[in-house]
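Shown next, in structure tokens, is the structure this report addresses.
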């Protein structure tokens with residue numbers, strides 16, 4: 001058999017042995033139909049219901065606006081005063097409560113969107129209304145997280161903010177702009 005013929009036979013054999021993965025690739029959502037919230041992973045639901053940041057505040061975090069949770073974690077290293085620590089804890093609890101309430105509404109919205117389809121009630125208007133509301137809630141959630149980064153930036157001194165950046169591994173770049181001085 002010629003070299004070209006051998007290559008064609010090999011290609012044909014490889015093609016038939018890879019039908020299993022190819023068939024699996026054609027159904028990437030298989031199994032997701034059993035999830036509690038079909039559009040969200042278990043981890044996403046947990047993050048939303050527990051008020052976690054999920055990277056929503058990265059523009060603030062990476063530009064020198066510390067997050068309350070991480071400031072609390074680094075309180076000793078940052079040399080927070082008792083007043084700063086108390087205010088940071090208050091801000092974190094407030095942020096988390098607001099984020100959890102929004103997270104519950106987002107999860108409920110995703111479930112309602114799924115029900116539109118599972119109950120056969122999906123229409124262009126119903127889908128548009130449901131997805132716009134979910135998007136609005138997600139935007140509000142992001143604004144909540146970003147807003148508390150602003151509050152933290154105003155609470156810390158320049159030195160504490162610089163130390164935070166270093167401790168979080170961001171270096172000195174991305175220090176952002178100060179809104180008030182200490």
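Just so it is clear, none of the values below were taken in a lab; they were calculated from the coordinates. Here the structure is a predicted model, which is why all the values come from computation and not from measurement. Cβ sites come from the backbone with ideal geometry, for glycine too, and all protein chains shown count toward neighbours.
Between residue 112 and residue 162, with labels modelled 7 Å along Cα→Cβ, what's the label distance in nm to one decimal, could you check?
Label at residue 112, label at residue 162, 5.0 nm between them.
Taking just the alpha-carbon atoms of region 36-167, what radius of gyration and Dmax come out, in angstrom?
Considering region 36-167 through its Cα atoms, Rg and Dmax are 17.8, 58 Å.
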